[in-house]
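Everything below concerns the one structure shown next.
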Amino acid sequence: MTQVRGILAERVVVSTPLDPFLPVRALVAYAGLSARKLRDYMADSAHPLPHYRVGGKILVRRSEFDLWVASYRQQGRADVERIVSDVLKGL
């Protein structure tokens with residue numbers, strides 16, 4: 001068995017999930033969106049993409065991006081035929 005400073009390596013458990021800050025280039029790869037589009041979203045006054053500007057570098061926390069993009073989730077279209085038939089039954 002491998003030991004690391006008196007701890008068995010097989011029993012090491014990472015309990016802190018990784019939540020990295022992503023530079024725009026890494027966010028482009030993660031999100032599949034262009035850098036220009038991401039910057040447009042950051043500047044959007046109605047629903048801006050949360051970001052940090054550190055020394056001129058723009059960083060986005062991955063968890064904050066995930067929450068932000070989840071707010072744009074769309075549900076499928078309602079079954080129009082079912083709605084029409086329900087309305088017609090009520091007439």
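Every read-out reported here was derived from the displayed coordinates using simple, explicitly stated rules and does not represent laboratory data. Please read all numbers here as calculations on a predicted model, not as lab measurements. Cβ: placed from backbone, ideal geometry, glycine included. Neighbour counts: every protein chain shown.
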| query | What share of all Cα pairs of the range 17-73, in percent, falls into each consecutive 5 Å distance bin? | reply | 4, 19, 33, 29, 12, 3, 0
| request: State the extension gain, in nm to one decimal, for the chain segment bounded by Ala35 and Leu59, taking 0.36 nm per residue of separation less the distance between their alpha-carbons. | output: 7.4 nm
| said: Quick query: amide H of Leu22 versus all other amide H atoms, modeled in the peptide plane; which residues come in under 5 Å with a sequence gap of 5 or more or a different chain? | reply: Val60, Arg61, Arg62
| So if R0 is 30 Å, what FRET efficiency would Ala43 and Asp86 give, r being the distance between their Cβ atoms, rounded to the nearest 0.05? | 0.10
| remark: Residue by residue through the range 22-38, the couplings from Karplus 6.51 cos²θ - 1.76 cosθ + 1.60 with θ = phi - 60°, in Hz, x for Gly and Pro, are 10, x, 3, 4, 5, 5, 4, 5, 5, 8, x, 10, 6, 4, 4, 5, 4
